[in-house]
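Worksheet for the structure shown next.
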Amino acid sequence: MQIQEQLIADIAKEVVARLRVQLQQPVPAPNGPRFPDRGQDGVFATVDEAVNAAYEAQKKVAEMDLEQRGRMIDILCGICNDRREELGRMEMEETKVGRLDHKILKLQNMRYVLGVEAMRSDARSSSTGLCIIERAPWGVIGMMLPVTHSVPTMVSNAINILAAGNTAVFGPHPSGARVAQYALQIFNREIRRALGVENVLTTVREASIEAAEQIFNHPRIALICVTGGTAVAQAATKSGKRVIAGGPGNPPVVVDETADLDRAAKCIIEGAAFDNNLLCIGEKEVFVVASVADAFISAMRRAGAYQLDAAAIERLTKAAFSFDGHGGGCARAHVKKDLVGKDVAVLAAAAGVRAPEGTNLLFGETDEAHPFVVEEQMMPFIPVVRVRDVDAAIAASVKAEHGYRHTAIIHTQNVETATRMARVMNTTLFIHNAASPASLGVGGPGYFSHTIATPTGEGVTTPLTFTRERQMVVGNALRII
């Protein structure tokens, strides 16, 4: 009997192995989510292999017309929508940060990313002739992905770069690498079936700092795009190549005495609670004018946020931050990874309280120098600071934002106040009377991307971000004037 059982097991293994070769499909892990069998469909053993494969693919992508590039983008968006629950669950299980429902929603939001419709040509004419200004691809782009949004960042960047005629080599964060590889294989497989081009998106088998450095310095990488922490952006700049870098954010919110407080509370909860506040654009601290502070706090409670008292905030602070120096001053606070992106229930337990089921956000009053105000903490807790007036609120916002020039929000009925804050903050994204996702086209008129290049100045990336401007001049001919 044991011999027969072993024979059956051996036959089963052989059948699976043959099907795997024939279908080129990843084999499901025996007791967990399906991750890729590496070495196919864009996943390579070495950086050099990944870059060279993308280099060859880029020659074909550059020759495609916009309709063909648009078909590739449709494939990416279609897969993200059709397999959103699978990919969202895999990312949640691997990274262990954020919220599953919002992981799924982020994949659906890929439809808001600008594709070939953003591509354009311009022209100028004069008595001397005609100048045509076109957008040319860079070639192979090296792209670093954050753990907070591994697949969504990869896809939004892929839409941009493919529309512009480029290909990409992705360097995922090690804690989000397997789901990135798995999704990348699916994308490549379907693009190959539809358009006959392979490896438009590639990556390496083992995600590591060493692999990222090799991507940065590879001679066939024409441009680098980094979405993540300051350290990886600084490492990219050492390559001597042009870098498009997403930087940190600590978005402040001002609520003045003219604001619609119920709407402000609803918007703040919507933005700060999204994916447990992992978004760099998400509301991180609120400065409310003292004359309406009590009413605003009541509005937050009505909207479903759970208020922590001073003792609970103190317990949560000790759990969320480590301190160096003497006595743990706020300026020396460091965010621990333990609570980043965790659910409200986890934070509430750390604070020694039990929030009602279904609570999306914790909040509580602090002073302006509190670590939760000063640091980009990426947790579903938002500090509320009372200030004298709107001038003091704007001044406190400038200080808390640290000159990152990323995102700032205001709730006011006074357009002049909003305009003044926008000028003083000088942030890439400024939101007036809306939740922060509105700035990226989700419930608002903005456009979507997971790479917001604040340090290098490109802003919310589009296909044009990944193009070179090229001019063709025709002298004394084809002129209109």
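Assorted remarks:
- A straight chain from SER126 to GLN234 at 0.36 nm per residue would run longer than the Cα-Cα distance by 34.5 nm.
- Student exercise, the chain dipole from Lys, Arg, Asp, Glu Cβ charges, in Debye to nearest 20: 940
- Computed from backbone phi, the HN-Hα couplings of the range 281-286 come to 8, x, 4, 10, 7, 10 Hz, rounded to whole numbers (Karplus: 6.51 cos²θ - 1.76 cosθ + 1.60, θ = phi - 60°; Gly and Pro given as x).
- Length added when fully stretched, ASP389-ASP48, from 0.36 nm per residue minus Cα-Cα: 117.0 nm
- Amide H contacts of THR258 (H built 1.01 Å from N, under 5 Å, at least 5 apart or other chain): GLN413
- Size of charge dipole - the range 332-481 - debye, nearest 20, with Cβ of Lys, Arg +1 and Asp, Glu -1, no other charges: 480
- Cα gyration tensor, the range 314-412 - rounded (a/c under 1.5), prolate or oblate: oblate
- A simple spin-label model places pseudo-atoms 7 Å from Cα toward Cβ; at ALA422 and GLU210 they are separated by 5.0 nm.
- The residues LYS106, LYS60, LYS266, sorted by heavy-atom accessible surface at 1.4 Å with ligands and nucleic acids left out, run LYS266, LYS60, LYS106 from largest to smallest.
- Here the relative contact order of the chain, from alpha carbon pairs under 8 Å that lie six or more residues apart, stands at 20 percent.
- Rough spin-label spacing in nm, given labels placed 7 Å along Cα→Cβ, for ARG111 and ASP74: 1.5
- With an a/c value of 1.5 or above and a/b not larger than b/c for the gyration tensor axes a ≥ b ≥ c computed over the alpha-carbon atoms, the range 242-325 is described as oblate.
- Rounded if a/c under 1.5, otherwise prolate or oblate - the range 326-481, Cα gyration tensor axes: prolate
- Structure-based [θ]222 nm, the chain - -39500 (n - 2.57) summed over DSSP H runs of at least 4, per residue, nearest 500: -12500 deg cm²/dmol
- Too-long pairs where the Cα-Cα distance tops 32 Å, listed order kept, from LYS96/LYS241; LYS60/LYS337; LYS342/LYS399: LYS96/LYS241; LYS60/LYS337
- For LYS238, the aspartates and glutamates whose Cα comes closer than 15 Å to its Cα, not counting residues fewer than 8 places off in the same chain, are GLU210, GLU213.
- Local net charge near GLU117, Cβ-Cβ under 15 Å (Lys/Arg +1, Asp/Glu -1): +2
- Here the gap between ASN433 and ARG263, fully extended at 0.36 nm per residue and compared with their Cα-Cα distance, gives a gain of 60.4 nm.
- In a simple Cβ point-charge model (Lys, Arg +1; Asp, Glu -1; nothing else charged), the range 73-182 has a dipole of about 180 debye relative to its Cα centre.
- Once C-alpha pairs closer than 8 Å and six or more residues apart are averaged by separation and normalised to the residue number of the range 393-468, the relative contact order reads 23 percent.
- Farthest towards the positive end of the charge dipole of the chain, among the residues ALA293, ASN276, ALA350, is the Cα of ASN276, using unit charges on the Cβ of Lys, Arg, Asp and Glu.
- Since only PHE187, ILE221, THR203 are under comparison, the one whose Cα sits farthest along the positive direction of the charge dipole of the range 174-227, derived from C-beta charges on Lys, Arg, Asp and Glu, is PHE187.
- Relative contact order for the range 177-299, counting Cα pairs under 8 Å that sit 6 or more residues apart, in percent: 18
- Listed candidates (i) 21.8; (ii) 24.1; (iii) 23.4 - label of the one calculated as Kirkwood radius over Cα pairs in Å: (ii)
- Among LEU316, VAL460, PHE430 - extreme Cα towards positive end, dipole of the chain, charges at beta-carbon: VAL460
The values are calculated or read from the model by the stated rules, or taken from the named source; none is laboratory data. For clarity, every value in this text was computed on a predicted model and none was experimentally measured. Here Cβ is always computed from backbone atoms with ideal geometry, including for glycine, and neighbour counts include all displayed protein chains. Keep in mind that these areas ignore ligands, DNA and RNA; they rest on the heavy atoms of the full protein, side chains included. Shrake-Rupley method; radii C 1.70, N 1.55, O 1.52, S 1.80 Å.
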